[in-house]
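Everything below concerns the one structure shown next.
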Amino acid sequence: MSSSLFDLTVPTYLQILGAVDGFLEKGRLHCQQNNIDLAEIVETRIYPDMFPFRFQIHSLAHHTLGAIEGIKRGSFSPRRDFPLHDYAGLQRFIQETLAGVQKLSAAEIDSFAGRDVRFENKDVKLPFTVENFLLSFSLPNLYFHATTAYDILRSKGVPLGKRDFLGKMRLKK
């Protein structure tokens, strides 16, 4: 059985975004129950030279719907101009991103197979095929930013486990 471009990307986007939606809610409840300021979470960094929690959440949208927009245009550039959401806004942002990904069709995504897309950031321009861009750049970035957001919440004591990160797995029917 062969897999389509849609099969290799969109179900994973949905799984990880759904997991993030779930662990954001666990984080909200934990902070509420333990008098932890959610504004502090939004600005938390694992290390001073890393981007804060809000950037990690915004990047999840950038490497799902943003990646799809990039393959449509034929170019993808890092985005850093996201609104300064509070924690509730970040939760809504993930839910809106999840809803947008749910609307993607297999026919639409598969129609981009074999095309070229270029990553552009200042003087750096990296040529990819759509498949290699999504599989070797955007999906690893999606995992990186989801993991970093998860780790920030764990560092604040939110009781999360691996199942929270994995989300709804695609089991054999």
Out of I68, I41, sole residue that is of a type outside the set (S, T, N, Q), part of a helix (DSSP H, G or I) and touching an Asp or Glu at 6+ places or on another chain (Cβ under 9 Å):
I68
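Each row is one residue, and each column tells you yes or no for (1) in contact with a Leu (Cβ under 7 Å, 6 or more places away or on another chain); (2) assigned to a loop (DSSP other than H, G, I, E, B).
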{"position": "S2", "(1), (2)": "no, yes"}
{"position": "D7", "(1), (2)": "no, no"}
{"position": "T12", "(1), (2)": "yes, no"}
{"position": "Q15", "(1), (2)": "no, no"}
{"position": "V20", "(1), (2)": "yes, no"}
{"position": "E25", "(1), (2)": "no, no"}
{"position": "Q32", "(1), (2)": "no, no"}
{"position": "I36", "(1), (2)": "no, yes"}
{"position": "P48", "(1), (2)": "no, yes"}
Looking for something within 21 Å of P140 (Cα to Cα), hydrophobic (A, V, I, L, M, F, W, C) and surrounded by fewer than 18 Cβ atoms within 10 Å (Cβ to Cβ) - is there at least one such residue anywhere in the stretch 29-46?
yes
Looking at this structure, is T64 under 18 Å from T12 (Cβ atoms), of a type in the set (V, I, T) and in contact (Cβ under 8 Å) with a residue 40 or more places away in the chain?
yes
Test each condition in (1) modelled with pLDDT of 95 or more; (2) farther than 17 Å from G167 by Cβ for H85 and report the one that comes out false.
(1)
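Every residue, every condition in (1) closer than 15 Å to V20 by Cβ; (2) within 17 Å of the chain's Cα centre (by Cα), yes or no:
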position: H63; (1), (2): yes, yes
position: I71; (1), (2): no, yes
position: R80; (1), (2): no, yes
position: P83; (1), (2): no, yes
position: Y87; (1), (2): yes, yes
position: Q91; (1), (2): yes, yes
position: A113; (1), (2): no, no
position: N121; (1), (2): no, no
position: Y143; (1), (2): yes, yes
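Is the stretch 105-122 home to any residue that is over 21 Å from K72 (Cβ atoms) and not in a helix (DSSP H, G or I)? Give the steps one after another, and end with the answer.
Kept after step one, since they are over 21 Å from K72 (Cβ atoms), are these residues of the stretch 105-122: 122.
Next, from what is left, pick out any that are not in a helix (DSSP H, G or I): 122.
For the stretch 105-122, residues over 21 Å from K72 (Cβ atoms) and not in a helix (DSSP H, G or I): present.
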Can you name the residue in the stretch 115-173 that is of a type in the set (G, A, S) and touching a residue at least 24 places away in the same chain (Cβ under 8 Å) and is also surrounded by the most Cβ atoms within 10 Å (Cβ to Cβ) among such residues?
A149
Looking only at the stretch 75-89, decide whether some residue is in a helix (DSSP H, G or I) and either in contact with a strand residue (DSSP E or B) (Cβ under 9 Å, 6 or more places away or on another chain) or not hydroxyl-bearing (S, T, Y) (or both).
yes
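The values are calculated or read from the model by the stated rules, or taken from the named source; none is laboratory data. Quick caveat, the model's predicted, so the values are computed rather than measured. Note that each Cβ is placed from the backbone with ideal geometry, even for glycine, and that neighbours are counted across all protein chains shown.
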